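Taking it in order: structure first as structure tokens, then the write-up.
Just so it is clear, none of the values below were taken in a lab; they were calculated from the coordinates. The structure presented is a predicted model; accordingly, all values stated were derived computationally and were not measured. We place every Cβ from the backbone using ideal geometry, glycine too, and count neighbours over all the protein chains shown.
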């Protein structure tokens with residue numbers, strides 16, 4: 001005698017395609033209180049900005065190309081002109097578009113290294129990056145950049161480095177331009193390496209180092225003479241296209257920065273400032 005399950009009085013059990021009753025669904029969990037805030041819809045100007053950014057990143061819109069006028073963009077996106085204007089402000093702030101002097105229309109542009117470095121420096125500050133973090137990154141990057149620059153540099157870049165070296169050597173104690181000259185020397189050396197990734201990384205590190213370098217450079221008596229000597233040796237290595245020598249002297253140069261900070265009484269754990 002077979003045993004059959006009973007259905008509830010007055011109701012027939014539902015059957016699946018195979019003729020079997022489905023597994024009963026689990027009861028929905030109770031929510032004692034609201035866990036999430038209501039989701040805000042993304043503003044229209046953000047969607048417009050993202051759409052234009054995508055065309056730039058996929059190179060449908062190329063560097064130097066004129067954007068359509070605001071009225072045309074508003075018609076294409078079917079939004080108000082004020083929405084387009086806000087989207088373009090966002091793109092301009094990111095360095096993806098710019099307005100040439102005297103021009104009425106924006107053109108597509110590539111973010112300058114300084115723009116990228118500014119954003120990275122903000123990230124360094126927010127993440128609590130310290131001087132020693134920056135220094136360790138420089139020890140990895142800078143010697144290899146110098147080695148590449150030695151074999152890839154142009155005569156114009158070698159001349160520019162020599163002029164910066166002379167300008168730093170002639171700068172008096174307390175000259176606020178001294179740190180900017182040192183930064184320009186690093187920047188020019190980076191450009192000579194012909195590697196955009198390294199240029200962007202270097203710029204971020206140099207910018208992060210600049211404020212504390214300004215404190216150290218005239219506080220340590222031998223700091224200037226050591227910088228002058230390192231620059232001289234680096235220029236000589238680039239002149240000879242000697243990558244190994246350039247790598248060696250850049251590593252020594254970066255090590256000297258840390259020693260200078262220690263002599264100046266600046267803690268390696270000092271956070272990067274805005």
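Computed values, structure above
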| quantity | calculated |
| --- | --- |
| Ascending count of other beta-carbon atoms within 10 Å, so fewest first, for 249, 135 | 135, 249 |
| Using alpha-carbon coordinates, inclination of helix 196-216 to the longest axis of the chain, degrees | 60 degrees |
| Helix-only [θ]222 nm of the chain, DSSP H runs n ≥ 4, -39500 (n - 2.57) each, per residue, nearest 500 | -19500 deg cm²/dmol |
| Between the range 51-66 and the range 72-91, the Cα center-to-center distance that results, in Å | 15 Å |
| 0 to 90° range, to nearest 10: angle between helix 243-263 axis and the chain longest Cα axis | 90 degrees |
| Angle between the chain longest axis and helix 44-57 axis [Cα atoms, degrees, rounded to 10] | 60 degrees |
| Ranked list, fewest to most other Cβ atoms within 10 Å of each Cβ, for 168, 257, 36 | 36, 168, 257 |
| Alpha-carbon spread of the range 28-150, three principal axes, descending order, Å | 58, 53, 24 |
| For the chain, the spread of Cα positions along each principal axis, largest first, Å | 104, 56, 37 |
| Global form of the range 114-263, assessed from the alpha-carbon gyration tensor, a/c cut-off 1.5 | oblate |
